[in-house]
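Working notes for the structure below.
The values are calculated or read from the model by the stated rules, or taken from the named source; none is laboratory data. Quick caveat: nothing in here was measured; it's all calculated off a predicted structure. Using ideal geometry, Cβ is built from the backbone for each residue, glycine included, and neighbour counts are taken over all protein chains shown. Only protein heavy atoms, including side chains, enter the accessible area calculation; ligands, DNA and RNA are left aside. Shrake-Rupley method; radii C 1.70, N 1.55, O 1.52, S 1.80 Å.
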Amino acid sequence: MVRLAAALAIMLAGAAAPVLAEAPRRVVSMNLCTDQLAMLVAAPGQLASVSWLAVDPSVSLMSDEARGLPLNHGSAEEVFLHAPDLILAGTWSTGPAVEMLRQLGFRVETLPPANSIADIRDQIARMGALLDQPDRAAAVLARFDADLAAITPGPARLAATYGANGMTAGPDSLSAEVMQRAGLVPLSERLGLAGGHLALEELVMAAPEMLVTGSRYDPPSRAESITDHPAFAAIPAERRSVPDRDWICGLPAIAGTAARLAQ
């Protein structure tokens with residue numbers, strides 16, 4: 001690893017260009033969420049590579065769009081070979097690779113996870129600024145705001161997200177705000193929970209009117225087996241499934257998720 005860093009540094013001495021005022025021309029994204037935000041805002045030909053997760057339809061809403069782009073697996077070596085003038089990453093992913101790329105002189109910008117609708121709007125605007133595409137970002141924001149305004153909230157029913165290992169969303173999460181936009185009352189808010197593990201017994205006693213579950217994988221994991229428990233199946237609640245890809249990242253498509261829950 002030390003020899004690799006030294007070799008790359010020598011190559012970069014003649015290859016790395018200073019950050020210019022013009023729009024970046026070779027942008028590499030190393031994170032599923034920055035992949036999709038960048039694809040929404042970037043001009044044609046501006047993206048040099050996105051992460052391999054971007055083409056996985058189980059987690060990506062833009063897998064079709066991503067199939068036409070070179071892929072990377074988040075390694076410094078792969079990213080280096082694309083000769084990017086801007087690298088996009090998440091704050092909690094590919095830490096060692098990001099640090100090495102920064103040490104080698106590349107411009108790396110990180111985006112944190114979106115925990116609210118406001119965060120999504122901020123990140124769309126920031127992506128527009130990073131890619132020097134403010135008009136394209138403004139158009140995405142305008143469509144997002146129109147979709148949010150078109151949501152007609154349903155009845156104020158008590159609802160709970162429940163998934164692998166008995167995890168439920170807290171009231172300060174993106175999924176909770178989406179439920180609120182749909183007119184639902186998150187169970188975690190009613191119980192004063194910050195989110196995290198919710199015992200099945202507590203869920204049964206709370207008697208939610210709607211249960212929102214995530215993706216089921218094949219073969220199912222042990223962590224998912226809690227939703228196969230007879231007590232869970234016996235809860236007299238309406239059930240809705242929201243695929244993980246619908247709110248794993250903060251994207252404008254979240255307005256559609258809220259609209260579907262409201263129906």
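Looking across segment 32-84 at every residue that is under 16 Å from Gly128 (Cβ atoms) and in a loop (DSSP other than H, G, I, E, B), the one that is most open to solvent (accessible area, probe 1.4 Å) is identified as Pro44.
Within segment 192-237, the set of residues being open to solvent by 50 Å² or more (accessible area, probe 1.4 Å), within 22 Å of Leu174 (Cβ to Cβ) and of a type outside the set (A, V, I, L, M, F, W, C) comprises Gly192, His197, Glu209, Arg216, Tyr217. Scanning segment 100-117 for residues that are of a type outside the set (D, E, K, R) and more than 14 Å from the chain's Cα centre (by Cα) yields Met100, Leu101, Gln103, Leu104, Gly105, Phe106, Val108. Among the residues making up segment 133-151, those that are open to solvent by 60 Å² or more (accessible area, probe 1.4 Å) and touching a helix residue (DSSP H, G or I) at 6+ places or on another chain (Cβ under 6 Å) are Pro134, Arg136, Asp147.
Restricting attention to segment 85-103, does a residue exist that is assigned to a loop (DSSP other than H, G, I, E, B) and either among the aliphatic types (A, V, I, L, M) or open to solvent by less than 20 Å² (accessible area, probe 1.4 Å) (or both)? Checking segment 85-103: not a single residue is assigned to a loop (DSSP other than H, G, I, E, B) and either among the aliphatic types (A, V, I, L, M) or open to solvent by less than 20 Å² (accessible area, probe 1.4 Å) (or both). In this entry, Met179 is excluded by the filter for residues that are open to solvent by 20 Å² or more (accessible area, probe 1.4 Å) and either closer than 20 Å to Leu261 by Cα or more than 21 Å from the chain's Cα centre (by Cα) (or both).
Test Glu189 against the criterion of being charged (D, E, K, R), surrounded by 15 or more Cβ atoms within 10 Å (Cβ to Cβ), touching a residue at least 60 places away in the same chain (Cβ under 8 Å) and part of a helix (DSSP H, G or I), and give yes or no. No; evaluated as a whole, the condition is false for this residue.
With respect to the conditions (1) at pLDDT 95 or above; (2) surrounded by fewer than 21 Cβ atoms within 10 Å (Cβ to Cβ), Val27 falls short on a single one, namely (2).
Condition check for Val204 on (1) part of a loop (DSSP other than H, G, I, E, B); (2) of a type outside the set (Ser, Thr, Tyr); (3) more than 27 Å from Pro44 (Cβ to Cβ): one failure, at (1).
Regarding Thr168, is this residue of a type in the set (S, T, N, Q) and at pLDDT 95 or above? Considered against the rule, which asks whether it is of a type in the set (S, T, N, Q) and at pLDDT 95 or above, Thr168 comes out as no.
Take Ala164 and tell me if it is within 19 Å of Gly214 (Cβ to Cβ) and either surrounded by fewer than 16 Cβ atoms within 10 Å (Cβ to Cβ) or not polar (S, T, N, Q) (or both). Yes. Applying a threshold of 7 Å to beta carbon distances and a minimum spacing of six or more residues, or different chains, the list of pairs starting in segment 146-157 at a residue that is over 13 Å from Pro252 (Cβ atoms) and of a type outside the set (Asp, Glu) and ending at one that is in a loop (DSSP other than H, G, I, E, B) and open to solvent by 80 Å² or more (accessible area, probe 1.4 Å) reads Gly154/Gln263; Arg157/Glu209.
Residues that are open to solvent by 20 Å² or more (accessible area, probe 1.4 Å) and outside any helix (DSSP H, G or I) within segment 118-132 comprise just one, Asp132. Restricting attention to segment 106-117 and to residues that are part of a strand (DSSP E or B) and free of Cβ contacts under 8 Å to residues at least 24 places away in the same chain, the residue that is surrounded by the fewest Cβ atoms within 10 Å (Cβ to Cβ) turns out to be Glu109.
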